[in-house]
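Notes follow the structure.
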Ligand code: F6R
């Protein structure tokens, strides 16, 4: 699944594949998602995937949906859990992640609607903690995540687990919950919301602990704007100030696929 001119590195125990550009990242990532589905299906007849939204995976979903439409890939025995959702937001709001997933994947493949789980941005606030806990329980009841797809924020966030000063041991156990978005995340969300005032400042997010419990994790990063966070996650210490660095604690289950611009601050980059 790798071309001769890709670069493979091992950083903090994690496999890192560096390819030329974002299109290559997405092509290779789609191969990995497909392989994860096939190996889980072969092992136990079903696959449980954790999915990400944002700009980075759009073309990954495009490729997977194309493969489905070509008759080469089925989601019939797949269950999905998305990383996050703005709060509060209606699922029919085009800026919701539920709506993003319908556009990019769910609406194009044969995934059962009741097995495509996205945190509910309409739960009453007093019920949000119970809803988040239920999300984690459902993942467990489904046998856990076979595979988790991740992007990384410019501030090093994964899901919407934002930088904090918590002790690492505490961050590693964080469950799914309601969070405040970091100023950098809000600034980046202007792309979807049009203005900083319009950005919804809170979200429900899968916890670091939930993410790290996945049996394999694929983290994607593209473009020079991600180079600093990528270097901190891969070559810096494990710290809650860079949530993606916490992936080092599951190093042998983590693969990064990044493009040359995102790898710009890595050794030999
Ligand atoms: C999205 C998510 C976020 C994004 C990250 C990168 O579900 O959990 O962590 O993966 O903010 O976003 P993009 O790909 O838009 O740069």
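Values in this text are rule-based calculations from the coordinates and carry no lab data. The structure displayed is predicted, hence computed values, not measured ones. No Cβ is skipped: glycine too gets one built from the backbone with ideal geometry, and neighbour counts run over all protein chains shown.
Using only the Cα atoms of the stretch 230-269, build the gyration tensor, take square roots of its eigenvalues as a ≥ b ≥ c, and label the shape rounded, prolate or oblate: rounded if a/c is under 1.5, else prolate if a/b is larger than b/c, else oblate. Provide the component values of the computation, followed by the final result.
Numbers: a/c = 2.25, a/b = 1.45, b/c = 1.56.
In terms of gyration-tensor shape, oblate.
Rounded to the nearest 500, what is the chain's calculated 222 nm mean residue ellipticity when only DSSP H runs of at least 4 contribute -39500 (n - 2.57) each, over all residues? Please report the intermediate quantities before stating the final value.
Values: 9 runs with 85 residues, N = 269.
Value at 222 nm, helices only: -9000 deg cm²/dmol.
Starting with the highest mean, order 36-49, 17-30 by the number of other Cβ atoms within 10 Å, averaged over the residues of each peptide. Walk me through the intermediate numbers first.
On the way: 36-49: 16.9, 17-30: 19.9.
In descending order of packing, they fall as 17-30, 36-49.
Checking the a/c ratio against 1.5 first, then a/b against b/c, what shape does the Cα gyration tensor give for the stretch 186-269?
Working: a/c = 2.13, a/b = 1.28, b/c = 1.66.
Oblate is the answer for the stretch 186-269, as a/c is 1.5 or above yet b/c matches or exceeds a/b.
Where in the stretch 11-42 does the amide nitrogen come within less than 17 Å of the point 7 Å from the Cα of residue 251, taken along Cα to Cβ?
Counting backbone N atoms under 17 Å from the label point, the list is 11-17.
Could you give log10 I(q)/I(0) at q = 0.17, 0.19, 0.20, 0.24 Å⁻¹ for the stretch 39-129, computed by the Debye formula over C-alpha point scatterers of equal weight, without solvent?
Values, matching the q order: -0.75, -0.90, -0.98, -1.28.
Compute the FRET efficiency between residue 42 and residue 225 as 1/(1 + (r/R0)^6), taking r as their Cβ-Cβ distance and R0 = 25 Å, and round to the nearest 0.05. Can you show the working numbers first?
On the way: r = 38 Å, r/R0 = 1.52.
Step by step, r from the Cβ atoms, then E = 0.05.
Quick check of the Kirkwood formula: for the stretch 118-269, what is the inverse mean of 1/r over all pairs of different Cα atoms, in Å?
Numbers: mean 1/r = 0.0623 Å⁻¹.
Final number for the Kirkwood radius of the stretch 118-269 is 16.1 Å.
May I ask for the Kirkwood hydrodynamic radius of the stretch 38-91, worked out over all distinct Cα pairs and given in angstroms to one decimal? Don't jump to the answer; show the numbers that get you there.
On the way: mean 1/r = 0.0775 Å⁻¹.
About 12.9 Å for the stretch 38-91.
Sorting check: for 238-248, 139-149, which peptide has the highest mean count of neighbouring beta carbons within 10 Å, and how do the rest follow?
On the way: 238-248: 22.3, 139-149: 19.4.
Ranking, from highest mean packing down: 238-248, 139-149.
Run the numbers for residue 195 and residue 35: contour at 0.36 nm per residue of separation, minus the present Cα-Cα distance, in nm. Intermediate results must be reported in sequence, preceding the final value.
Numbers: separation 160, 0.36 × 160 = 57.60 nm, distance 3.90 nm.
Working it through step by step, the gained length comes to 53.7 nm.
Can you tell me the alpha carbon radius of gyration of the chain divided by the globular rule-of-thumb value 2.2 N^0.38 Å?
Numbers: Rg = 17.3 Å, N = 269, 2.2 N^0.38 = 18.4 Å.
Taking the Cα Rg and dividing by 2.2 N^0.38 Å, one obtains 0.94.
Let me know the shape class of the stretch 87-138, please: from the alpha-carbon gyration tensor, a ≥ b ≥ c as square roots of the eigenvalues, rounded when a/c is under 1.5, otherwise prolate if a/b is greater than b/c, or oblate. List each step's numbers first, then the result.
Values: a/c = 3.47, a/b = 1.45, b/c = 2.39.
Taking the square roots of the gyration eigenvalues as a ≥ b ≥ c, the stretch 87-138 is oblate.
Spin-label point model (7 Å from Cα, Cβ direction): what's the residue 165 to residue 21 distance in nm?
Taking the two extended label points, one gets 4.4 nm.
So if I take the centroid of the Cα atoms in the stretch 28-57 and the same for the stretch 220-237, what is the distance between those two points in Å?
Taking the Cα centre of the stretch 220-237 as reference, the centre of the stretch 28-57 is 23 Å away.
Provide the packing ranking of 132-138, 155-161, 51-57, i.e. peptides ordered by the mean count of other C-beta atoms within 10 Å per residue, highest first.
Listed from highest to lowest mean packing, they are 155-161, 51-57, 132-138.
Can you tell me what share of the DSSP beta bridges in the chain is antiparallel? A percent to the nearest 5 is fine. Write down the numbers at each step before the final one.
Numbers: 14 of 36 bridges.
Antiparallel bridges make up about 40 percent of those DSSP assigns within the chain.
Expressed in nm², what is the orientationally averaged projection area of the convex hull enclosing the Cα positions of the stretch 85-203? Don't jump to the answer; show the numbers that get you there.
Details: hull surface 33.6 nm².
Approximately 8.4 nm², given one-decimal rounding.
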